[in-house]
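Data block below; observations after.
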Amino acid sequence: MTTNLDMGLHTFGDVTADVDGALLPHAVVIRNLIDQAALADELGVDFIGIGEHHRADFAVTAPEIVLAAIASRTKRIRLGSATTVLSSDDPIRVFERFATLDAASNGRAEAILGRGSFTESFPPFRLFARPV
């Protein structure tokens, strides 16, 4: 049995509701994520993953920016995307952003790469799904 198990959290920044059921603005959801990550760091959680979606029901479209804000409020928690969508981004720019985040966070950045799973987010990037 292993005695060195890492524990982590991951979110896409799902838009949540307040106590009255009203949807929170994206800015509030993002600030809440930053606060939650700071608390996770204090509690000893090893990893926080922030994913991206380009839809109205998710607040995070630029995980590297949210992770940079988290880096400024934390000391040890590893910072990762969950995931960075390469099908709608430039791989060189992705590398540069994560290299910058890694430098700013003292080596805590981890890039997790993937493909887009919701084709309705492709048109804003001038990407169009092939007809089947």
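Which residue, of 84, 100, is in the same structural domain as residue 114 (by TED's automatic domain parsing), touching a Lys or Arg at 6+ places or on another chain (Cβ under 9 Å) and either of a type outside the set (S, T, N, Q) or within 25 Å of residue 114 (Cα to Cα) (or both)?
Answer to the selection: 84.
Quick one: how many residues across region 55-79 are part of a loop (DSSP other than H, G, I, E, B) and either surrounded by 18 or more Cβ atoms within 10 Å (Cβ to Cβ) or without any contact (Cβ under 8 Å) to a residue 24 or more places away in the chain (or both)?
The number of residues fulfilling the criteria is 6.
Could you grab me the full set of residues in region 32-54 that are within 19 Å of residue 15 (Cβ to Cβ), in contact with a strand residue (DSSP E or B) (Cβ under 9 Å, 6 or more places away or on another chain) and either surrounded by fewer than 14 Cβ atoms within 10 Å (Cβ to Cβ) or of a type outside the set (A, V, I, L, M, F, W, C) (or both)?
Across region 32-54, the qualifying residues are 36, 49, 51, 52, 53, 54.
Would you call residue 64 modelled with pLDDT of 95 or more and more than 18 Å from residue 13 (Cβ to Cβ)?
Here the answer is no, as residue 64 does not meet what is asked.
Would you point out which residue out of 48, 34, 30 is in a strand (DSSP E or B) and either over 20 Å from residue 80 (Cα atoms) or β-branched (Val, Ile, Thr) (or both)?
Going through 48, 34, 30 in turn, the sole match is 48.
Limited to region 80-114, what total is found for residues that are among the charged types (D, E, K, R) and either assigned to a strand (DSSP E or B) or in contact with a Ser or Thr (Cβ under 9 Å, 6 or more places away or on another chain) (or both)?
The total comes to 3.
Of all residues in region 80-109, count the ones that are over 11 Å from the mean Cα position of the chain (by Cα) and touching a residue at least 40 places away in the same chain (Cβ under 8 Å).
2
Suppose we filter region 1-26 for residues that are surrounded by 10 or more Cβ atoms within 10 Å (Cβ to Cβ) and out of contact with any helix residue (DSSP H, G or I) (no Cβ under 7 Å at 6 or more places or on another chain); how many remain?
Looking only at that region, the number is 9.
Name every residue in region 80-101 that is modelled with pLDDT under 95 and surrounded by 20 or more Cβ atoms within 10 Å (Cβ to Cβ), in order of residue number.
Passing the criteria: 81, 82, 83, 84, 85.
The values are calculated or read from the model by the stated rules, or taken from the named source; none is laboratory data. In this text the structure is predicted, and so the values were computed from the model without any measurement. Cβ sites come from the backbone with ideal geometry, for glycine too, and all protein chains shown count toward neighbours.
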